[in-house]
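First up is the structure itself, then whatever we jot down about it.
The values are calculated or read from the model by the stated rules, or taken from the named source; none is laboratory data. This is a predicted model, so every value here is computed, not measured. For neighbour counting, all protein chains shown are included, and Cβ atoms are generated from backbone atoms with ideal geometry for every residue, glycine included.
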Amino acid sequence: MTAERLSRAFASTSDVLAGVSAADFDKATPCASWRVRDLLNHVVGGPRWFASFATTGAAPNTAGPEGAEDFCAGDFTAVFASDSARCVAAFSADGVMERMMQLPFGELPGSIYVNIATVDTFAHGWDLAKATGQSTDLDPELAAELLAFSKLALSDEFRGPDGKAPFGGPLTSADDAAMADQLAAFLGRQA
């Protein structure tokens, strides 16, 4: 297990972030309880949050990846690029994949958590693309890998109404839909 998929998810989401402007901040997203501003803060804060687990085995002292910082007020693409590089380096360090990490919902090895971080990053990149009118046909090969992982790892206890659970119930998508759209549908998002 390596951080290669996480790096690819960061690259995909970075491309989406480059297409987000201040004019988009108040738009609705597939995450009904978040506007683009909220989702962008969550996405940009994600690499710092994930890296904390990789380096210390525990969450930083913030309420969530978005913390209290408003990344929309500055160059969020530069912050995301810099923190993503640090996060990939943290997950690439010796022993990290075997290290146990204390997450809000239980303890998992780094080899599992890196996949959770990857799905979170990629799926929220899809959410931002959808909300801002960008193409949602994101890295098809990575989307297929993450769909396979999610089908194995995502249990019903993480599904429920928006704002109450991280994922909605699985939705159907057309067989010929883009792989990222199929992943989004499995995670409970409308393509």
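Count, please, the residues in the stretch 11-27 that happen to be assigned to a helix (DSSP H, G or I), among the aliphatic types (A, V, I, L, M) and either free of Cβ contacts under 8 Å to residues at least 40 places away in the same chain or surrounded by 13 or more Cβ atoms within 10 Å (Cβ to Cβ) (or both).
4
In the stretch 120-132, which residues are at pLDDT 95 or above and either of a type in the set (A, V, I, L, M, F, W, C) or closer than 17 Å to Ala51 by Cβ (or both)?
Hits for the stretch 120-132 are Thr121, Phe122, Ala123, His124, Trp126, Leu128, Ala129, Ala131.
Would you pick out the residues in the stretch 84-102 that are of a type in the set (S, T, N, Q) and either closer than 23 Å to Ala184 by Cβ or surrounded by 14 or more Cβ atoms within 10 Å (Cβ to Cβ) (or both)?
Those that are of a type in the set (S, T, N, Q) and either closer than 23 Å to Ala184 by Cβ or surrounded by 14 or more Cβ atoms within 10 Å (Cβ to Cβ) (or both): Ser84, Ser92.
Name every residue in the stretch 163-184 that is of a type in the set (A, V, I, L, M, F, W, C) and under 11 Å from Ser150 (Cβ atoms), in order of residue number.
Phe167, Leu183, Ala184
Considering every residue within the stretch 46-58, establish whether at least one is surrounded by fewer than 20 Cβ atoms within 10 Å (Cβ to Cβ), of a type outside the set (Val, Ile, Thr), free of Cβ contacts under 8 Å to residues at least 12 places away in the same chain and in a helix (DSSP H, G or I).
Yes, there is a match, as at least one residue in the stretch 46-58 is surrounded by fewer than 20 Cβ atoms within 10 Å (Cβ to Cβ), of a type outside the set (Val, Ile, Thr), free of Cβ contacts under 8 Å to residues at least 12 places away in the same chain and in a helix (DSSP H, G or I).
Considering each of Phe158, Phe149 in turn, give the residue that is more than 30 Å from Ser21 (Cα to Cα) and in contact with a Pro (Cβ under 7 Å, 6 or more places away or on another chain).
So the residue among Phe158, Phe149 that is more than 30 Å from Ser21 (Cα to Cα) and in contact with a Pro (Cβ under 7 Å, 6 or more places away or on another chain) is Phe158.
Which pairs do you get when a residue that is over 19 Å from Asn115 (Cα atoms), found in the stretch 168-191, comes within reach of a residue that is exposed (fewer than 15 other Cβ atoms within 10 Å of the Cβ), reach meaning Cβ atoms under 6 angstrom, with the pair 6+ apart or on two chains?
Sorted first by the residue in the stretch 168-191, then by its partner, the pairs are Ala178/Asp137.
With respect to the numbered conditions (1) part of a helix (DSSP H, G or I); (2) closer than 24 Å to Phe186 by Cβ; (3) out of contact with any Pro (no Cβ under 7 Å at 6 or more places or on another chain); (4) modelled with pLDDT under 95, which one is the sole condition not fulfilled by Pro30?
(1)
Among (1) more than 20 Å from Arg5 (Cβ to Cβ); (2) part of a helix (DSSP H, G or I), there is one condition Ala177 misses while meeting the rest; what is its number?
All conditions pass for Ala177, except number (2).
I'm checking my understanding of the structure. Among residues of the stretch 180-191 that are part of a helix (DSSP H, G or I) and of a type in the set (A, V, I, L, M, F, W, C), which one is modelled with the lowest pLDDT?
Looking only at the stretch 180-191, we keep the residues that are part of a helix (DSSP H, G or I), and these are 180-186.
Narrowing the set further to residues that are of a type in the set (A, V, I, L, M, F, W, C) leaves 180, 183-186.
On the way: Ala180: 97, Leu183: 95, Ala184: 94, Ala185: 93, Phe186: 89.
That would be Phe186.
Consider the stretch 103-135. How many of its residues are of a type in the set (Ser, Thr, Tyr) and crowded, with 22+ Cβ neighbours inside 10 Å?
Summing the residues that are of a type in the set (Ser, Thr, Tyr) and crowded, with 22+ Cβ neighbours inside 10 Å in the stretch 103-135 gives 3.
Being more than 14 Å from the chain's Cα centre (by Cα) and crowded, with 19+ Cβ neighbours inside 10 Å narrows it down to one of Ala185, Ala180, so name that one.
Ala185
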